[in-house]
Amino acid sequence: MKVLRKMVAVCMVTIMVGLLSADCIVATATSTMQQIQQQEQQKNELENQLSQTQENLEDLKGEHSTLKGELNNLNTQLTEVSENLASLEQQIADKEQEISDTQESLAEAKATESWQYDSMVIRVQSMYEMNESSYVNAILSKGSFDEMLNAADFFEQIAAYDKLKLEEFKENRRLIEEQEACLQNEKIELDNLLVAAEAEKSKVSGLISQTSNTMAQYAEQISDAEQQALAYEAEIKKAEENLDTLRKKLAEEMALSQTAANSTWRDISEVSFAEGDRYLLANLIYCEAGGEPYAGQVAVGSVVINRVLSSVFPDTVVGVIYQRRQFSPVASGRLELALGANKATESCYRAADEAMSGVTNVGNCVFFRTPIEGLTGINIGGHVFY
């Protein structure tokens, strides 16, 4: 009867061990599935951000192209205004030369008028200074009557000529003065046009500067958007690579879950520990949970021993700890440093002793890690065991 009870108990323990082991490994697969879902969600968000960035980029390029067209138009306007300015400056120079020439002509006309006036004054003065008898004697001194008439007529012609010339010179001076005034008015108009043209040039130049600055800002935003798009593309590519890795890992874990569910577990009494296993396990516990509470140190030791007991993992402490890509302190070299300096504390050794004696506070869990969203298991300290 006792034997029967013992066999039933062994069977129940075996079933529970299998169930716990399967549950722990399934938890790993579930965690990986959640990571895949999170990675896919992240990838979708990145793709949405990339799409929005590309739309913004197209808008920026459209604005930049519009500004470029406006800048070309402004440059054309500036060229026209500059040419107009050059033309006005030449017209003003020509007008100033005309005014200068007219002023010289006016000075000459005034001088001629003054000379004519002075000459006429001198002749009139001479005639008044001559007494009447002298004037008559000059006429009567002629040999014949015709000669006397000619002499009298000559004096009258001289007087009429002087008067006529004086009037002609006065009229010529008046015309030149009018021409000068007209030229001065035309120059004022040209000066006003020049001021307006310079103001227009300044305005267009300001618009060109403003448009160029705006274009530079758009160009900078375009460059930033392009860099952002490239960064999103790189992150999307990385996310896709991570998804591929996670999917492969999920397939491996699902296979491992199936294998573990159908595997057998040894009893701790069936394990023969080698010399140095305690030292090695204590230092691994130090590296993985040296700063954790004692329960967390025991839990890490239990995971190692659970793997030794499971048929899907190596059957020695050394084999389990140095199995490829299982414990990060091995890959980083921290374990070797700890072993070289025997960093393991007294509590790490005590935890190793408990685990090697078959004590476990995490059931048959064979994995642990820092907690992540969606991963369920046994939380002890800063780790979740599953």
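Filter the range 228-242 for residues that are surrounded by 17 or more Cβ atoms within 10 Å (Cβ to Cβ) and either on the phi > 0 side of the Ramachandran plot or hydrophobic (A, V, I, L, M, F, W, C) (or both) and give the result.
Once the filter is applied, which keeps residues that are surrounded by 17 or more Cβ atoms within 10 Å (Cβ to Cβ) and either on the phi > 0 side of the Ramachandran plot or hydrophobic (A, V, I, L, M, F, W, C) (or both), the range 228-242 yields Ala229, Ile236, Ala239.
Does Ser212 count as among the hydroxyl-bearing types (Ser, Thr, Tyr), part of a helix (DSSP H, G or I), within 23 Å of Ser82 (Cβ to Cβ) and free of Cβ contacts under 8 Å to residues at least 40 places away in the same chain?
In short, no.
Kindly indicate whether any position in the range 330-338 is out of contact with any Lys or Arg (no Cβ under 6 Å at 6 or more places or on another chain), open to solvent by 70 Å² or more (accessible area, probe 1.4 Å) and within 30 Å of Gln37 (Cβ to Cβ). So that I can check it myself, show each step before the final result.
Restricting attention to the range 330-338, the residues satisfying the condition of being out of contact with any Lys or Arg (no Cβ under 6 Å at 6 or more places or on another chain) are 330-338.
After this cut, where a residue has to be open to solvent by 70 Å² or more (accessible area, probe 1.4 Å) as well, the list is 331-332, 334, 336-337.
Narrowing the set further to residues that are within 30 Å of Gln37 (Cβ to Cβ) leaves 331-332.
So far as the range 330-338 goes, yes, one or more of its residues are out of contact with any Lys or Arg (no Cβ under 6 Å at 6 or more places or on another chain), open to solvent by 70 Å² or more (accessible area, probe 1.4 Å) and within 30 Å of Gln37 (Cβ to Cβ).
Could you list all residues from the range 305-321 that are touching a Leu at 6+ places or on another chain (Cβ under 9 Å) and modelled with pLDDT of 95 or more?
Passing the criteria: Ile305, Val317, Val318, Ile321.
Report, ordered by the first and then the second residue, all pairs with beta carbons closer than 7 Å, sequence separation of six or more or different chains, a first member in the range 92-118 that is under 15 Å from Glu180 (Cβ atoms), and a second member that is of a type in the set (Lys, Arg) and open to solvent by less than 50 Å² (accessible area, probe 1.4 Å).
Lys95/Lys187; Glu96/Lys187; Ile99/Lys187
Please work out if Glu220 is closer than 22 Å to Gly69 by Cβ and open to solvent by 60 Å² or more (accessible area, probe 1.4 Å).
Yes; evaluated as a whole, the condition is true for this residue.
Kindly indicate the residue of the range 175-196 that is open to solvent by less than 80 Å² (accessible area, probe 1.4 Å) and more than 18 Å from Asp94 (Cα to Cα) and also modelled with the highest pLDDT among those meeting that condition.
If we take residues in the range 175-196 being open to solvent by less than 80 Å² (accessible area, probe 1.4 Å) and more than 18 Å from Asp94 (Cα to Cα), then Ala196 is modelled with the highest pLDDT.
Can you go through Leu256, Leu281, Leu250 and tell me which one is assigned to a helix (DSSP H, G or I) and at pLDDT 90 or above?
None of the others qualify; the one that does is Leu281.
Restricting the search to the range 287-306, which residues are crowded, with 24+ Cβ neighbours inside 10 Å and of a type in the set (D, E, K, R)?
Result: Glu288, single match.
For the subset of the range 9-65 comprising residues that are of a type in the set (Ser, Thr, Tyr) and modelled with pLDDT of 75 or more, which member is least open to solvent (accessible area, probe 1.4 Å)?
The extreme case among them is Thr53.
Would you point out which residue out of Asn172, Asn137 is at pLDDT 85 or above and out of contact with any Cys (no Cβ under 9 Å at 6 or more places or on another chain)?
Selected residue: Asn172, the only one of Asn172, Asn137 that is at pLDDT 85 or above and out of contact with any Cys (no Cβ under 9 Å at 6 or more places or on another chain).
Quick test for you: out of Leu207, Leu183, Leu190, Leu175, pick the one residue that is in a helix (DSSP H, G or I) and over 30 Å from Leu85 (Cβ atoms).
Leu175
The values are calculated or read from the model by the stated rules, or taken from the named source; none is laboratory data. All values reported here derive from a predicted model rather than from experimental measurement. We place every Cβ from the backbone using ideal geometry, glycine too, and count neighbours over all the protein chains shown. Only protein heavy atoms, including side chains, enter the accessible area calculation; ligands, DNA and RNA are left aside. Shrake-Rupley method; radii C 1.70, N 1.55, O 1.52, S 1.80 Å.
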